[in-house]
Amino acid sequence: MESSRPRLKVALVTGAGSGIGRACALALHAAGFSVVLAGRRREPLEAAAAALPAEEVLVHPADVSDEAQVAALFAAVRARFGRLDLLFNNAGTGAPPVPLEELSAKAWRRVVEVNLTGAFLCTQAAFRLMKDQDPRGGRIINNGSISAHSPRPRSAAYTASKHAITGLTKSTSLDGRAYDIACGQIDIGNAATEMTAAMAGGVPQADGALKPEPVMDVARVAEAVVFMAGLPLEANVQFMTVMATKMPFVGRG
């Protein structure tokens with residue numbers, strides 16, 4: 001392992017134990033950030049952090065839908081690093097792919113609580129820290145997903161929550177101006193992770209067919225997040241779509 005070097009910026013990634021979150025946390029560290037890995041389960045977070053220098057990483061399990069756990073997470077960031085330069089609101093969950101009229105209110109609420117309320121609670125806590133630190137300000141990146149633009153069949157809760165993330169992104173961008181806080185959104189399509197492994201066997205399409213869909217290396221998402229994170233605060237990527245080139249998104253279908 002290479003010797004530790006001074007790191008002037010701190011990034012917090014939610015949902016960092018696997019998939020997109022894990023890839024982005026590791027890429028941000030490679031780009032020079034100290035990183036905070038948050039997620040519901042400690043074991044995958046510790047596995048993701050295992051190869052990183054202890055002084056440059058903080059593992060903190062938290063359910064982002066729980067206000068008290070979010071407060072404890074950000075208190076730990078402040079205590080450990082004294083500041084936060086980047087929040088990547090990546091944590092998310094879905095509901096069973098059932099017909100809309102059969103989706104339970106409990107399943108709906110859980111998706112909204114994690115995907116939308118969780119992002120709001122983390123954004124709110126980040127505002128409180130970023131506006132008071134010196135140098136002031138920071139950046140927030142929200143994981144919107146392709147579902148922030150267009151739904152898949154039987155995905156009402158997930159799609160509604162991701163459309164709402166777009167509104168949160170815009171409001172955060174506007175309200176953050178006074179504090180030098182920039183906010184952008186990355187909309188990701190078919191990154192190859194454990195969650196998309198089933199796509200090779202077929203994905204429900206708008207016409208009722210079941211078809212395999214292409215995927216892209218999750219490293220492409222990590223590169224995009226690092227680019228957004230690396231901009232000076234005078235510049236912002238408001239919205240970025242990163243997707244497998246041949247996935248059925250642009251066009252009719």
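The values are calculated or read from the model by the stated rules, or taken from the named source; none is laboratory data. Model, not experiment: these values are computed from the prediction. Glycine also receives a Cβ, built like all others from the backbone with ideal geometry; neighbour counts cover every protein chain displayed.
For every residue, the table says whether it meets (1) small (Gly, Ala, Ser); (2) touching a residue at least 60 places away in the same chain (Cβ under 8 Å); (3) under 20 Å from Leu28 (Cα atoms).
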site: Arg41; (1), (2), (3): no, no, no
site: Pro44; (1), (2), (3): no, no, yes
site: Ala47; (1), (2), (3): yes, no, yes
site: Glu56; (1), (2), (3): no, no, yes
site: His60; (1), (2), (3): no, no, yes
site: Glu67; (1), (2), (3): no, no, no
site: Ala71; (1), (2), (3): yes, no, no
site: Val77; (1), (2), (3): no, yes, yes
site: Phe81; (1), (2), (3): no, yes, yes
Legend entry - Identity of the residue in the stretch 94-111, of a type outside the set (Gly, Ala, Ser) and surrounded by 18 or more Cβ atoms within 10 Å (Cβ to Cβ), that ends up farthest from Ala71 (Cα to Cα): Leu103
Legend entry - the stretch 38-81: number of residues that are in a loop (DSSP other than H, G, I, E, B) and either closer than 20 Å to Asn143 by Cα or touching a strand residue (DSSP E or B) at 6+ places or on another chain (Cβ under 8 Å) (or both): 8
Legend entry - Some residue of the stretch 241-253 being in a helix (DSSP H, G or I), more than 15 Å from the chain's Cα centre (by Cα) and aromatic (Phe, Trp, Tyr): no
Inset, instruction - Scan Ala198, Ala178, Ala206 and give me the residue that is over 24 Å from Arg22 (Cβ atoms), at pLDDT below 95 and among the aliphatic types (A, V, I, L, M). - result: Ala206
Legend entry - Selected residue (only one of Ile188, Ile140 is under 19 Å from the mean Cα position of the chain (by Cα), more than 25 Å from Ala71 (Cβ to Cβ) and either in a helix (DSSP H, G or I) or touching a residue at least 12 places away in the same chain (Cβ under 8 Å) (or both)): Ile188
